[in-house]
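Comments concern the structure below.
The values are calculated or read from the model by the stated rules, or taken from the named source; none is laboratory data. Bear in mind that the values here come from a model prediction, so they are computed numbers and not experimental data. Cβ placement follows ideal geometry from the backbone for every residue including glycine, while neighbour counts extend to all protein chains displayed. These accessible areas exclude ligands, DNA and RNA; they are computed on the full protein's heavy atoms, side chains included. Shrake-Rupley method; radii C 1.70, N 1.55, O 1.52, S 1.80 Å.
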There are 6 protein chains.
Amino acid sequence: MPKANKVKPAGKAPAGKAKPELRAIKGGKTAPPAKPAAKAAATPLKPASAAADDAPVIALNLPPGKLSPAMTAYFKKCQDKLGFVPNVLVAYAFDNAKLEAFVAMYNDLMLGDSGLSKLEREMIAVAVSSQNRCYYCLTAHGAAVRQYSGNPLLGEHLVMNYRAARVNKRQRAMLDFAVKLTASPWSVEEADRERLRRAGFSDRDIWDISAIAGFFNMSNRIASATDMRPNTIYHGQAR
Amino acid sequence: MPKANKVKPAGKAPAGKAKPELRAIKGGKTAPPAKPAAKAAATPLKPASAAADDAPVIALNLPPGKLSPAMTAYFKKCQDKLGFVPNVLVAYAFDNAKLEAFVAMYNDLMLGDSGLSKLEREMIAVAVSSQNRCYYCLTAHGAAVRQYSGNPLLGEHLVMNYRAARVNKRQRAMLDFAVKLTASPWSVEEADRERLRRAGFSDRDIWDISAIAGFFNMSNRIASATDMRPNTIYHGQAR
Amino acid sequence: MPKANKVKPAGKAPAGKAKPELRAIKGGKTAPPAKPAAKAAATPLKPASAAADDAPVIALNLPPGKLSPAMTAYFKKCQDKLGFVPNVLVAYAFDNAKLEAFVAMYNDLMLGDSGLSKLEREMIAVAVSSQNRCYYCLTAHGAAVRQYSGNPLLGEHLVMNYRAARVNKRQRAMLDFAVKLTASPWSVEEADRERLRRAGFSDRDIWDISAIAGFFNMSNRIASATDMRPNTIYHGQAR
Amino acid sequence: MPKANKVKPAGKAPAGKAKPELRAIKGGKTAPPAKPAAKAAATPLKPASAAADDAPVIALNLPPGKLSPAMTAYFKKCQDKLGFVPNVLVAYAFDNAKLEAFVAMYNDLMLGDSGLSKLEREMIAVAVSSQNRCYYCLTAHGAAVRQYSGNPLLGEHLVMNYRAARVNKRQRAMLDFAVKLTASPWSVEEADRERLRRAGFSDRDIWDISAIAGFFNMSNRIASATDMRPNTIYHGQAR
Amino acid sequence: MPKANKVKPAGKAPAGKAKPELRAIKGGKTAPPAKPAAKAAATPLKPASAAADDAPVIALNLPPGKLSPAMTAYFKKCQDKLGFVPNVLVAYAFDNAKLEAFVAMYNDLMLGDSGLSKLEREMIAVAVSSQNRCYYCLTAHGAAVRQYSGNPLLGEHLVMNYRAARVNKRQRAMLDFAVKLTASPWSVEEADRERLRRAGFSDRDIWDISAIAGFFNMSNRIASATDMRPNTIYHGQAR
Amino acid sequence: MPKANKVKPAGKAPAGKAKPELRAIKGGKTAPPAKPAAKAAATPLKPASAAADDAPVIALNLPPGKLSPAMTAYFKKCQDKLGFVPNVLVAYAFDNAKLEAFVAMYNDLMLGDSGLSKLEREMIAVAVSSQNRCYYCLTAHGAAVRQYSGNPLLGEHLVMNYRAARVNKRQRAMLDFAVKLTASPWSVEEADRERLRRAGFSDRDIWDISAIAGFFNMSNRIASATDMRPNTIYHGQAR
């Protein structure tokens, strides 16, 4: 079992129901705040079990590092807008350079310009994380799919078996590609790219699908390797 | 995609939050009702998507069969106590003999006498269904774990990766056995049974763990083979 | 190794060569007897090894339960018609309720009305059990395929690799579906059902194929989990 | 389906029950004949299905080659002693050099000097062929295990799941090694060899286990690639 | 097959044999140059096949983006020090923000402070890439292992099967963890972390091992998804 | 770890760059010498690591056997033409009968008449060995592909992921068949043979592809089981 004195969750995470647009927080680039997270969660978690679940945040004992002003501001913005700092950021906070690199890549991929909608990007995140059975990412990005789609069931479909989701052909082709790339990357070839093109994706879109699927194959493994625990608030969001 | 005119969901499923004990409905044996399902669900699903998700209940066109008085009474009792008839029963209702056999086996395994608590039995159901990525069973039995345990996170752990659940050693041994039996039944041997005995399980308990794991390996496959869809109400229960 | 004093085989199993129709014994419903099992097996097994193989019947120490009159009659009928009580029934006999539920489901699936012939149902049983490498079910249902088909080689094909069997297109489609459903249930979708329909199966037939494949995925696991040993007489039947 | 005019079975295979020692036929080295195969098989196969099963012997159209005197004599000896020429030899007979190389390696491995008994070598053959689900080798070498052991059930155990066989610790270690080497050769390391040494095997024995397991990984693939069909007579031998 | 007009390799890659320390190029941070790459490669590749292999660099048609001054300087430094711009950078150059994020993360992980030597980090890269069978990363990082270690065989071991490498216990534990995390991330637990601690790794080291293994699980997939081709010069380096 | 005093490498292996035709050494049949191996290797291996890598040749302690005159002559010819005796032959030299059987089969398959070129046969060897992650065979036959093709990159493609190799359709079909036969031999059927025929292969060619793929499935396992180490000279050949 994890030893005591591990990385601690940052601040207090008041139960809140973040609107999708609140996710558009860019690291160090200070996008204008959208809407404050106002309402308390409708279904409060049992305090005991909630406390047990994400403390410590990871099963490694890493003393907190010194954050740059940009990262300090970013954490504050998370707290203000979302009502909490996502635990993946807390986990990375032992080393400011690693945190900045992670935030820059994450924000570019998930929030930057793309032919894929933000919902589609989160759908890839969840389908990949389901293939890899990653508790952290399924929880955090399952909540994001529920929020962006306004369809709580879509989040559940993607967590459980993306083939059960009633998505359109374009999205199904996208998820098939991402999951194949996750399960057997060595087997992806031109025929797979052609299938995406026939479903309407541009070559730039294919890069984005690949890069997002790749990113979560990284994050899933860091989370599993460290037993990273998601903020408990995610579980009740947008049900 | 499934053709039209498939098996329809039975009756109207009023949003309700069934207490765990309401599950103790015995087929044809009429246990006394426990507590009525009173409160409406806090987070109503989008009507459109909810309707889309479990209609039809399965992707096979099977005309409804004639139910025996016992089964008719059982359906009524479900409606009264749970507020809905579970879709697996609706799916089986095309043939009364099959329905009765399923109900008899299910109720014996999940509600009959056992050294395993009802929660532990549901935990096995979800861990097995996660290994098999079964949308129907993860949804219905994930809700049951949340209800019986009063710990919504436990349901999520078991749906996503049972190794993330912070359970005791006995329960971990039980889940390890059930998942190994699911993934590679040919490899289960005396050493595996001995591990259960050392964790405190009797030989009768080992039968029960095996039989429940076996049962959900059956149900998962029938559900996947027919694209069985869970009642949408499960998704919001006991969050 | 299994401990002593486990579930014992029921009665004495005189070496006999049961005709296929003798399998049509309905639990508690007393079908008329067909033909008695007359001839002794041509190749008697070495007593030592035979005795060693199915005693005990399972590797769990479960004291025998009290059978209902219906189940007592059913066991007697097995003894009269087949010359032995199948060990799976002996294994379940520690608990009458579980035995009855198993018998009811088994007899409905394997002997009840269906668009599938009894031979086809046994073929599914063996192909699924081969995928799961289940010694009990391969032995008992391999014998059934040999008996029903009058083709000893068909039984061997299905035990060893169903793709080696020279069956018609309908049966091949049926076995492909059952084996895929066994190996990766999460991947079965509408295209798989359509393949069955194109091979001439009705939606009701698809249910039956799925339910039988599901049933043996259950039985295989209970047998493997308990080291259930088939009656040695099966090995020599209908060679 | 295979095209017509494929490799034909050699000669007529009179149903016979070869004694184990009849297998000790050395290619080109003319060991003295042991005992003639006298008795007709107790359970004659249905002519229709038997004929269908091993004609053609393989699904490739390879015109017969010219055999050397040594190979002609070897075929004759097979016919005299076993009552038939094993179909694997018929298959190789399109090219005398390939036939001779195969026979030399086979006879050295399976009949030459070794710390492993001939039965143990056949046990490896069947366990490996079961892992690879090879119809030809399971049939031919399953019969050999039944013959050498005088225990028909041992042959069935090894065909179906070697873990069900009640063998001693030495033989279990041998089979575990052979099956691991078959399923994931990249993962075999010094610890695996040490396990064999602790079970009493010499380094020379380890070579033999490895070489036999390797040989059947070759033969299984050639048989599967060509749909090689075993002589039907094997099925009824030593039951 | 890939369409014409894909991402082109940057500049001319004069055959050179970069010293290990030349890899220490930090993106946008301009580390002082080490030693120039002087000698031409001893074994020039066939021009035809070499040209065919990495043109285009990827199988997606992505018009080149405008690089920031920092990235322009970084490319120039690569050209000056290594004699070429690694194709992964060329591939990312269609979008400066993605390129900068990739370079920042790569350089932090592979060249920043760590309890792991640079060689150990490259060893993880290759072992992970071998599990994923990634042509690009095996080529580029296989060369890096050869360079850093001065042991060409170590690079080959890790490309082919890391278990064949004769490394010390610490490094073996590190590679076992990285490969398990790659193959079945869901199965990594506290026992795996404890194994690393017992091999002498700190919790910070465990993070680094996980993050590097994660990073190459990302890069392997982006490379496979886009058919990214390594600069041909890598093949001959440090043999 | 391997114990001391294992099989030793034969003679001294002067660094040389064997021309492809030098491989055409027939066991006991004395083909005329082609060209002597003249040039010393351009990149000498670190003596320490090279010495460590193939001494002992295998991790089994097998005293050398007495070689027949034919085998003694064969070893001498290897030494004269190649500059070294391949370690697989050294490994087999503990038993002359086994060595002769191996050499006969190897030379027939890889150097005898066939519709496949010698390069194509080596391509199969490497693709199969990559699937099985066999260090010995990837090293020795990777060198052979580099030599026969004059394209060092083709060897690397096949070692790393044969799908990355830019081969023609015929060769791709051949490699797809060989790798499928390696990974799941039970699944190869007539449709797979038809695919080869459509790619231009005769039934005799299909036999050869199957037999070579089968042979390396054997050799890979013997090499992995014994930790067979390739002559270090291979690593630098034909780069």
For segment B:92-104, which positions are within 18 Å of B:Lys77 (Cβ to Cβ) and either part of a helix (DSSP H, G or I) or not aliphatic (A, V, I, L, M) (or both)?
B:Tyr92, B:Asn96, B:Leu99, B:Glu100, B:Phe102, B:Val103, B:Ala104
Being crowded, with 22+ Cβ neighbours inside 10 Å and under 12 Å from E:Ala101 (Cα atoms) is the filter here; which residues of segment A:89-102 pass it?
A:Leu99, A:Glu100, A:Ala101, A:Phe102
Does A:Leu175 satisfy being more than 10 Å from chain E (Cβ to nearest Cβ), of a type in the set (A, V, I, L, M) and assigned to a helix (DSSP H, G or I)?
yes
Residue check, A:Lys180 more than 8 Å from chain E (Cβ to nearest Cβ) and under 28 Å from B:Tyr162 (Cβ atoms):
yes
If you scan segment F:63-104, which residues turn out to be within 14 Å of chain D (Cβ to nearest Cβ), of a type in the set (Gly, Ala, Ser), under 19 Å from the mean Cα position of the chain (by Cα) and more than 13 Å from F:Ile222 (Cβ to Cβ)?
F:Ala93, F:Ala104
Looking at segment A:229-239, is at least one residue closer than 30 Å to E:Val7 by Cα, of a type in the set (Lys, Arg) and in contact with a helix residue (DSSP H, G or I) (Cβ under 7 Å, 6 or more places away or on another chain)?
no
From the options F:Ala225, F:Ala191, F:Ala238, residue that is surrounded by fewer than 21 Cβ atoms within 10 Å (Cβ to Cβ) and at pLDDT 95 or above
F:Ala191
Anything in segment B:60-81 that is in a helix (DSSP H, G or I) and open to solvent by 20 Å² or more (accessible area, probe 1.4 Å)? List them, or say none.
B:Pro69, B:Ala70, B:Thr72, B:Ala73, B:Phe75, B:Lys76, B:Lys77, B:Gln79, B:Asp80, B:Lys81
How many of the residues in segment D:178-187 are over 29 Å from D:Val57 (Cα atoms) and open to solvent by 10 Å² or more (accessible area, probe 1.4 Å)?
4
Among all residue pairs at least 6 apart or on different chains, which show Cβ distances below 9 Å where the first residue, located in segment E:187-208, is on the phi > 0 side of the Ramachandran plot and the second is modelled with pLDDT of 95 or more?
E:Gly200/E:Lys169; E:Gly200/E:Arg170; E:Gly200/E:Ala173
Residues being aliphatic (A, V, I, L, M) and more than 7 Å from chain E (Cβ to nearest Cβ): count how many of those fall in segment A:192-239.
8
